[in-house]
């Protein structure tokens, strides 16, 4: 139906998060498809730096005028930084989901969860199929 | 009405009406000595409106005219929000013997009300196939909370307090996972399959894997929030039972089952009714509701109290004496007094007026009307699960090749055609969901008019999408800025003083 961006250098989860892996540091946000489906985002809430995250576990939630959704991390580890600028300006996630709209950085204790993720071509097909 | 016509001015707040010294009542001269109000109780900052009787009356009549109600036309939010409430219910609720009954009245002085509550308990048990019913919970979410607390206590009493996981399908009402969390247990979400049913493979994996001994039960809505009967429900129930869990049915959609399917006979252990949905008691403006819970023999002793029972048997001196009792291992009270009695009374009137066959007709017409609309609208819109539905169905609120039009735009445009919009964006698992529930009371002409409006809107979307994107054009207010409404809360009244202040 639509045309959503999905940069080639990122990995993608079925729950519509993107992950950027640099060594053991993983940055996570939500995809262009996700922000488009959610519509105007009005609130975000993340775990705090220092909190542990399980593989497949929630690291926060996002709320739009349409719905509230959990945010999931495909990797286990510790939250080392959150994008606190989004608390006052959650609409940045709509405007720039892969840039200024990044959400959390996690120091991964294991990168095993990366294995099951999609590349951008597979994610494009996944979005088109829905 | 054309979009260009002058729009009515919105009514000012009552605080902005009136003038100092105007009053709406004439009080007689006092016949007792006047006393000075203690100075510490006087407040200068309390801006009370000063208005005459007719101003008050006109103010609230105008506000009511800005609203849209089911007394004006089709309201496809359905029993989920407000189905038609027969006026005879209100007559019953206004009978002085009920309306003026004080909740602390001695049991001997309230036998009529107690008899009514007991009969309602029995009827609800009969309708759902359960052994016992408590009318105590104040609304659906409290009924859920009572149900999950009963399940928790049941496991604890059997020495299986480690059972702390409640399975919840991903189509569930948001209250289900919230209830589980409130009860100190944890949620495990189950996906739906492409038929809209619970994914049996995922259910088996949850019930037969390493978490088996932690499964406390499952909460499920039947028919589901997609309006679909879970065609594998018997398998679902036996799978959870075999793992040692109990089955909770969210009764929000009982309008599709009443007098046709009994959840107790399907194997459910506990359910709540929304008397304020299914049994037509009013709850606009936030309440009150009534979330009666029904249970089978396993949970009977845990029911929240008080419930009504015979406390002195009938003898040669006369009728039995009814009174309140607490079940043996009751989880306790859900609220003060005896539940929302006004709702019990209206639900009683509803069941009494319809009777067994009439209640079955309610279910049949509700299901027939929903399927009629579904079949008609499938010609124009995508219906993601194209099989027979219960009392409601979901369609996708978009028009092929018109990407800029969303469910919200279709809903807003429906208002210009004189219909209340259906539920938007729920269930979450359907993109651009429009959840449509016409209910049993709509006649074919009105259903056809709704279909025509939906077809006209799809045509407009193709020809002139801006008409939809800027809708509504004829409602008292235009498109609201929902983002600003969420982000910039403005309270029109000053917040209440904190307790103990002043």
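The values are calculated or read from the model by the stated rules, or taken from the named source; none is laboratory data. Everything numeric in this text was worked out from a predicted model, so none of it was measured. Reconstructed Cβ throughout: ideal geometry from the backbone, glycine too, with neighbour counts over all protein chains shown.
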*Only one residue in B:370, B:347, B:366 is closer than 30 Å to residue B:121 by Cα, more than 14 Å from chain A (Cβ to nearest Cβ), touching a strand residue (DSSP E or B) at 6+ places or on another chain (Cβ under 8 Å) and not in a loop (DSSP other than H, G, I, E, B). Which one?*
B:370
*Please find, within segment A:25-44, the residue that is nearest to the other protein chains (Cβ to nearest Cβ) out of those that are in a strand (DSSP E or B) and either crowded, with 22+ Cβ neighbours inside 10 Å or modelled with pLDDT under 95 (or both).*
A:42
_Condition first: in contact with a strand residue (DSSP E or B) (Cβ under 7 Å, 6 or more places away or on another chain), part of a strand (DSSP E or B) and at pLDDT below 95. Can you find one or more residues in segment B:435-453 that meet it?_
no
*Residue check: is residue B:431 more than 12 Å from every other protein chain (Cβ to nearest Cβ), free of Cβ contacts under 8 Å to residues at least 40 places away in the same chain, outside any helix (DSSP H, G or I) and farther than 24 Å from residue B:71 by Cβ?*
no
*Identify the residue in segment B:289-321 that is within 30 Å of the chain's Cα centre (by Cα) and part of a strand (DSSP E or B) and, among all such residues, is nearest to residue B:156 (Cα to Cα).*
B:295
*Would you say residue B:474 is at pLDDT 90 or above, closer than 30 Å to residue B:258 by Cβ and either touching a helix residue (DSSP H, G or I) at 6+ places or on another chain (Cβ under 8 Å) or away from every other protein chain (no Cβ under 14 Å) (or both)?*
no
_Unique match (being in contact with a helix residue (DSSP H, G or I) (Cβ under 8 Å, 6 or more places away or on another chain), modelled with pLDDT of 95 or more and surrounded by 13 or more Cβ atoms within 10 Å (Cβ to Cβ)) among B:167, B:190_ = B:167
*Tally the residues that are in contact with a strand residue (DSSP E or B) (Cβ under 9 Å, 6 or more places away or on another chain) and not in a strand (DSSP E or B), restricting the search to segment A:114-123.*
6
*Here are some residues: B:244, B:284. Which one is over 14 Å from residue B:146 (Cα atoms), modelled with pLDDT of 95 or more and part of a loop (DSSP other than H, G, I, E, B)?*
B:244
*asked:* Looking at (1) outside any loop (DSSP other than H, G, I, E, B); (2) more than 12 Å from the chain's Cα centre (by Cα); (3) surrounded by fewer than 22 Cβ atoms within 10 Å (Cβ to Cβ), which one does residue A:48 not meet, given that it meets all the others?
replied: (1)
*Kindly indicate whether any position in segment B:454-469 is within 13 Å of chain A (Cβ to nearest Cβ) and in contact (Cβ under 8 Å) with a residue 40 or more places away in the chain.*
no
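Table: residues versus (1) closer than 30 Å to residue B:70 by Cα; (2) in contact with a helix residue (DSSP H, G or I) (Cβ under 9 Å, 6 or more places away or on another chain).
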site	(1), (2)
B:291	yes, yes
B:295	no, yes
B:302	no, yes
B:305	no, no
B:316	no, no
B:325	no, no
B:328	no, yes
B:353	yes, yes
_So if I check each of A:74, A:22, which one is free of Cβ contacts under 8 Å to residues at least 12 places away in the same chain and either over 26 Å from residue B:399 (Cα atoms) or within 14 Å of another protein chain (Cβ to nearest Cβ) (or both)?_
A:22
*Are any residues in segment B:305-341 over 30 Å from residue B:152 (Cα atoms) and in contact (Cβ under 8 Å) with a residue 60 or more places away in the chain, and if so, which ones?*
B:319, B:321, B:322
_Consider segment A:51-68. How many of its residues are within 12 Å of chain B (Cβ to nearest Cβ), more than 15 Å from residue A:90 (Cβ to Cβ) and crowded, with 18+ Cβ neighbours inside 10 Å?_
0
_Residues of segment B:247-281 that turn out to be within 21 Å of residue B:83 (Cα to Cα) and in a loop (DSSP other than H, G, I, E, B), as a count_ = 11
*In segment B:381-427, what residues are away from every other protein chain (no Cβ under 14 Å), part of a loop (DSSP other than H, G, I, E, B), surrounded by fewer than 20 Cβ atoms within 10 Å (Cβ to Cβ) and out of contact with any strand residue (DSSP E or B) (no Cβ under 8 Å at 6 or more places or on another chain)?*
B:386, B:387, B:388, B:417, B:418, B:420
_Can you report the number of residues in segment A:10-19 which are over 9 Å from the mean Cα position of the chain (by Cα) and either within 11 Å of chain B (Cβ to nearest Cβ) or modelled with pLDDT under 95 (or both)?_
1
